[in-house]
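Asker: Below are the structure tokens for one structure; questions will follow.
The values are calculated or read from the model by the stated rules, or taken from the named source; none is laboratory data. Quick caveat: nothing in here was measured; it's all calculated off a predicted structure. Backbone-built Cβ (ideal geometry, glycine too); neighbour counts: all protein chains shown.
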Amino acid sequence: MARSAGKPDARSKLLDAALTVIRTKGYSATTVDDLCAAAGVTKGAFFHHFKTKDELGVAAADHWSETTGALFAAAPYHQLRDPLDRVIAYLDFRKALLRGGVPDFTCLVGTMVQETYETAPDIRNACDRSISGHASTLVADIEAAMEERGMTPAWTAASLALHTQAVLQGAFILAKAKGGGRVAAESVDHLKRYIQLLFGRVPSIN
């Protein structure tokens, strides 16, 4: 994932560190000391920018949205003419990101919300904004694909967009359980086949 542009200040260093440390250790196990050590800043600098670890958690979720949002906005799948091709290529792009160790490709907000959904509502809401906001970027292409095919199903483009994120987040959980990205890649392939069949297209993968 991209880093903050220019020479980062202490706040940016802490947020960038949070993306790595929390995905590696989990939110609950991550301490302020861990974040300061990874960022190379003092604890005083931490509390200058954030009153609590939870306040950093909210900011980290928003930082994740900005960082990943820029990555996906610049992705090549947007250049395809057919809207269904764009949706399928989005999934190919997600699969291509499944590289490195599990902490390298799993989702910060998915990790945090699993631990904090009941105990830290501000973090939960920030994670929801991130996941739902990313899902919303798929809605226009799904709607266009439906319109081109004259589809009027009981489901909506928004619900299918959220379903893609449910599968991806579940794939990350499986990757953590299995200790690698292969199972996650297989889940993305299943999702790709499902969407192709849903739109009446012969799946392009076996």
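Asker: Residues being within 19 Å of the chain's Cα centre (by Cα), in a helix (DSSP H, G or I) and farther than 22 Å from R86 by Cα: count how many of those fall in the stretch 171-194.
Answerer: 8
Asker: Out of all the residues in the stretch 27-61, which are under 20 Å from P103 (Cβ atoms) and exposed (fewer than 15 other Cβ atoms within 10 Å of the Cβ)?
Answerer: S28, A29, T31, D33, A37, G40, listed by residue number.
Asker: Taking the conditions exactly as written (closer than 14 Å to L97 by Cβ and assigned to a helix (DSSP H, G or I)), does L168 satisfy them or not?
Answerer: yes
Asker: I'd like to check which helices (runs of 4 or more DSSP H) are fully inside the stretch 1-90 and have at least 2 residues that are touching a His at 6+ places or on another chain (Cβ under 9 Å) and not hydroxyl-bearing (S, T, Y).
Answerer: Counting at least 2 such residues, we get 10-25, 53-73.
Asker: Follow-up question, since we're still on this one. L197 fails exactly one of the following numbered conditions: (1) assigned to a helix (DSSP H, G or I); (2) without any contact (Cβ under 8 Å) to a residue 12 or more places away in the chain; (3) under 28 Å from T30 (Cβ atoms). What is the number of that condition?
Answerer: Evaluating L197 over (1) assigned to a helix (DSSP H, G or I); (2) without any contact (Cβ under 8 Å) to a residue 12 or more places away in the chain; (3) under 28 Å from T30 (Cβ atoms) leaves (3) as the failure.
Asker: Which residue, of V87, V102, is among the hydrophobic types (A, V, I, L, M, F, W, C), touching a residue at least 12 places away in the same chain (Cβ under 8 Å), in contact with a helix residue (DSSP H, G or I) (Cβ under 9 Å, 6 or more places away or on another chain) and more than 19 Å from S136 (Cβ to Cβ)?
Answerer: Checking each option against the conditions leaves just V102.
Yes/no matrix, rows are residues, columns are (1) under 30 Å from A59 (Cβ atoms); (2) at pLDDT below 95; (3) surrounded by fewer than 18 Cβ atoms within 10 Å (Cβ to Cβ):
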| position | (1), (2), (3) |
| --- | --- |
| A126 | yes, no, no |
| A144 | no, no, yes |
| L174 | yes, no, yes |
| R201 | no, yes, yes |
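Asker: Take the conditions at pLDDT 95 or above and more than 22 Å from S204 (Cβ to Cβ) and apply them to R86. Does it pass?
Answerer: No, not satisfied.
Asker: List the number of the failed condition for G150; all other conditions in (1) surrounded by 18 or more Cβ atoms within 10 Å (Cβ to Cβ); (2) part of a loop (DSSP other than H, G, I, E, B) hold.
Answerer: Exception for G150: condition (1).
Asker: Here's something else I'd like to know. Looking for something closer than 28 Å to D54 by Cα, free of Cβ contacts under 8 Å to residues at least 12 places away in the same chain, out of contact with any Lys or Arg (no Cβ under 7 Å at 6 or more places or on another chain) and not aromatic (F, W, Y) - is there at least one such residue anywhere in the stretch 138-147?
Answerer: No: zero hits.
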